[in-house]
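Have a look at the structure below, then the notes.
The values are calculated or read from the model by the stated rules, or taken from the named source; none is laboratory data. Nothing here was measured: the structure is a model prediction, and the numbers come from that model. Cβ placement follows ideal geometry from the backbone for every residue including glycine, while neighbour counts extend to all protein chains displayed.
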Amino acid sequence: MDLETLNSRFGGDGISFSVGPGNLTVARLENELGMAELALHGGHVMSFVPGGGAPVLWMSRESWFAADKPIRGGIPVCWPWFGAHPTNAQFPSHGFARISEWQVKSAGKTADQVSWLELGLTERQVAKSFFPQPFDLRLRVEVSDVLSVALRIENTGDEHLNFSAALHSYFNISDIGNIAVVGFDGKPCLDTLDNTRHVQSGSLKFERETDLVFFDCEEDCFIEDSGLKRRIRIAKSGSSSAVVWNPWSDKAGRMPDFGNDEYRSMVCVETTNALDDARTLAPGKRHTLGVVIGVA
Ligand code: BG6
């Protein structure tokens, strides 16, 4: 659908479509309470700014904005596998949803000032070699003083559908030395850097590369940032796992789409169905993975 058609069918009342970086089509949702931008490439939330506040999501200055590459920052939608493909190392990391072009299904504004946009992706829009099974994904993004992102997965085929997934949220922080991630005390954890398991004790502080998967965690978690004097609340649903990631300097240096010093200004706290929390859907069944992000 071209820009003119998108704007005439779905635009108005604070919702507009324009050409963004790398020629990607970007939807902007704005109301009195907040603003968000979303690329149709990847169904990718690129920014969220609550009214009068600082940006909540982080975006790398080195990010690619290209049709065949993921965007580095915001909220990549990882599906139908999280991390590397289980059997084929040539397949894209974190699945194909974040590098696919999503279609706009509907948009609008509720009576209480919540702007929303719904995108869709089915097997008809992606290469069959990646994933032979039929599926129907819907991504609903709602913007007010909080950002809500919900990925609904429906098995439209006649065989069981196995998947893992993430709303791989990158958060903007004052400095990695200033923050604590709270909410995982007492939770089982896999440290993917040395493949060991432990039970988390207390809040998380960051002094080196961190790549942790938490399990049995359905409760809210928080990023406490003494530099920005704010607390970001991350309320998950349909998820009992979470990933906390910061690449630190060496890994950042190996990533072409990530500035060498940028690890200091970001942290990922990801709402996932990862590893032990991967899901199976019987034919006709649905699952929704969701997150509501707000600032206190
Ligand atoms: C995280 C993983 O979710 O994503 C990390 O836990 C990974 O291991 C990171 O490095 C970024 O992945 P990608 O594919 O976007 O470079």
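More than 19 Å from residue 20 (Cβ to Cβ), within 16 Å of the ligand (Cβ to nearest atom) and out of contact with any Phe, Trp or Tyr (no Cβ under 8 Å at 6 or more places or on another chain): is that true of residue 83 in this structure? The answer is yes for residue 83. Of all residues being among the polar types (S, T, N, Q) and farther than 9 Å from residue 184 by Cα in the stretch 195-242, which is surrounded by the fewest Cβ atoms within 10 Å (Cβ to Cβ)? Just the residue, please. Among them, the one singled out is 195. Within the stretch 283-292, does at least one residue satisfy the condition of being touching a residue at least 24 places away in the same chain (Cβ under 8 Å), surrounded by 16 or more Cβ atoms within 10 Å (Cβ to Cβ) and charged (D, E, K, R)? No, that holds for no residue.
State yes or no: is residue 28 part of a strand (DSSP E or B), basic (Lys, Arg) and closer than 28 Å to residue 232 by Cβ? Yes, satisfied. Among residues of the stretch 249-268 that are of a type in the set (Asp, Glu), those with a Cβ under 7 angstrom from a residue that is assigned to a helix (DSSP H, G or I) and within 14 Å of the ligand (Cβ to nearest atom), sequence gap 6+ or separate chain, pair up as 262/252. Residue count for the stretch 84-105 satisfying the condition of being closer than 24 Å to residue 171 by Cα, in a loop (DSSP other than H, G, I, E, B) and touching a strand residue (DSSP E or B) at 6+ places or on another chain (Cβ under 9 Å): 5. Just checking, does the stretch 58-75 include any residue being in a strand (DSSP E or B) and exposed (fewer than 15 other Cβ atoms within 10 Å of the Cβ)? No - not one qualifying residue is present in the stretch 58-75. Annotation note: Cβ proximity below 9 Å between a residue of the stretch 122-137 that is modelled with pLDDT of 90 or more and a residue that is part of a helix (DSSP H, G or I) and surrounded by fewer than 16 Cβ atoms within 10 Å (Cβ to Cβ) (sequence gap 6+ or interchain) occurs for 134/124. The set of residues in the stretch 130-175 being surrounded by fewer than 17 Cβ atoms within 10 Å (Cβ to Cβ) and either under 30 Å from residue 226 (Cβ atoms) or of a type in the set (A, V, I, L, M) (or both) consists of 145, 174, 175. The residue that is farthest from the chain's Cα centre (by Cα), counting only those in the stretch 265-296 that are basic (Lys, Arg) and under 24 Å from residue 220 (Cα atoms), is 286. Of the residues that sit in the stretch 263-296 and are among the basic types (Lys, Arg) and outside any loop (DSSP other than H, G, I, E, B), which one is farthest from the ligand (Cβ to nearest atom)? Among those that are among the basic types (Lys, Arg) and outside any loop (DSSP other than H, G, I, E, B), it is 286. Just so you know, in the stretch 140-184 the residues that are over 22 Å from residue 74 (Cβ atoms) and assigned to a loop (DSSP other than H, G, I, E, B) include one that is farthest from the ligand (Cβ to nearest atom), and it is 158.
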